[in-house]
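Below: one structure, written as structure tokens.
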Amino acid sequence: MDTHNEAADFTVRPAEEHDLPRLAEFEAEIARISFAEDAIDDLEVQQKKLAKAMAKSPDGMFVACRGGEPASGWLWITVNTNPMSGQRYANFRSLAVAPIPERSEVGELLLATGLDFVDLHGVTEVVGKVHASNTAMRTLYRKFGFTATHLTMKLDRRERAE
């Protein structure tokens with residue numbers, strides 16, 4: 001599944017092994033946004049995780065590129081089955097775009113590609129987790145019709161323990 005955006009001259013293609021170092025950078029950034037000081041942002045750890053996942057099931061891993069440049073965006077979707085209900089659903093595990101002028105357009109292109117992938121797999125429910133402070137990602141999801149359904153509350157008591 002290759003998708004091309006003529007306006008921004010970006011192409012979305014399946015991720016390949018040579019993309020792994022760049023994808024590890026995206027995953028580390030996602031971890032920092034999502035988990036702050038608890039983030040696992042070691043690039044070697046992230047690359048090993050992605051290499052293992054890619055070897056097992058490369059379907060649903062996409063990059064957005066312009067020409068021969070390194071990936072400007074990354075999308076990872078998995079199709080899962082709820083063990084209790086047996087219902088299939090798609091999980092947007094990762095979606096990240098480099099800080100480039102076309103960031104919004106690339107994010108939209110990746111999300112549209114992801115929804116096309118979901119449709120090809122006959123899945124009707126799609127979930128995507130996003131940190132509460134990540135307003136850009138929340139806005140992108142809303143633009144495509146996603147609605148908030150769960151909220152995780154957290155209390156960090158480490159300062160109290162010191």
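The values are calculated or read from the model by the stated rules, or taken from the named source; none is laboratory data. What you are looking at is a predicted structure, and each value in this text was computed from that prediction instead of being measured. Methodologically, a virtual Cβ is constructed for each residue, glycine included, from the backbone with ideal geometry; neighbour enumeration extends over all protein chains shown. Remember, those area values only see protein heavy atoms, side chains included, never the ligands or the DNA or RNA. Shrake-Rupley method; radii C 1.70, N 1.55, O 1.52, S 1.80 Å.
Counting only protein heavy atoms, what percent of the accessible surface of the chain is carbon or sulfur at a 1.4 Å probe?
Carbon plus sulfur share of accessible area: 53 percent.
Provide the FRET efficiency to the nearest 0.05 for the THR149-SER104 pair, computing r from the beta carbons and using R0 = 30 Å.
Working: r = 24 Å, r/R0 = 0.80.
Using R0 = 30 Å, I get an efficiency of 0.80.
Given 0.36 nm per residue, what is the gain on full extension from GLU125 to GLN87 after removing their alpha carbon distance, in nm?
12.8 nm
As a test of the formula, what do you get for the chain when each DSSP H run with n ≥ 4 contributes -39,500 (n - 2.57) and the sum is divided by the residue count, at 222 nm and rounded to the nearest 500 deg cm²/dmol?
Values: 5 runs with 61 residues, N = 162.
Helix-only estimate at 222 nm: -11500 deg cm²/dmol.
Just the number please: accessible area per residue for the chain, 1.4 Å probe, all protein chains included, in Å².
On a per-residue basis, 64 Å².
Provide the FRET efficiency to the nearest 0.05 for the ASP41-SER133 pair, computing r from the beta carbons and using R0 = 25 Å. Show your work: numbers first, answer last.
Values: r = 17 Å, r/R0 = 0.67.
The calculated FRET efficiency here is 0.90.
When we measure straight from the Cα of LYS56, which lysines land under 16 angstrom away, once same-chain ones fewer than 8 places off are left out?
Straight-distance partners of LYS56: LYS48.
Short version: what are the Cα gyration tensor semi-axes of the range 102-150, square root of 5 times each eigenvalue, largest first, in whole Å?
Ellipsoid semi-axes (Å, largest first): 19, 15, 7.
For TYR141, tell me the accessible area in Å² from a 1.4 Å probe, rounded to the nearest 10.
Counting only protein heavy atoms, the figure is 10 Å².
Cβ neighbours within 10 Å, averaged per peptide: list 58-64, 121-127 in order, most packed at the top. Kindly include the intermediate steps, with their values, before the conclusion.
Working: 58-64: 20.6, 121-127: 13.3.
Per-residue Cβ counts within 10 Å, averaged per peptide and sorted highest first, yield 58-64, 121-127.
Using only Cα atoms, locate the centre of the range 116-162 and the centre of the range 39-57, then give the distance between them in Å, rounded to an integer.
21
May I ask for the net charge around GLN46, where only other residues with Cβ less than 9 Å from the Cβ of GLN46 are counted and Lys, Arg are +1 while Asp, Glu are -1?
Neighbourhood net charge equals -3.
Just to be sure I understand, if you calculate semi-axes √(5λ) of the Cα gyration tensor in Å for this structure, which of [x] 143, 17, 8; [y] 28, 17, 15; [z] 25, 20, 17 do you get?
[z]
For a quick protection proxy, order the peptides 35-42, 98-105 by their average other-Cβ count within 10 Å, most packed first.
By packing density, highest mean first, the sequence is 98-105, 35-42.
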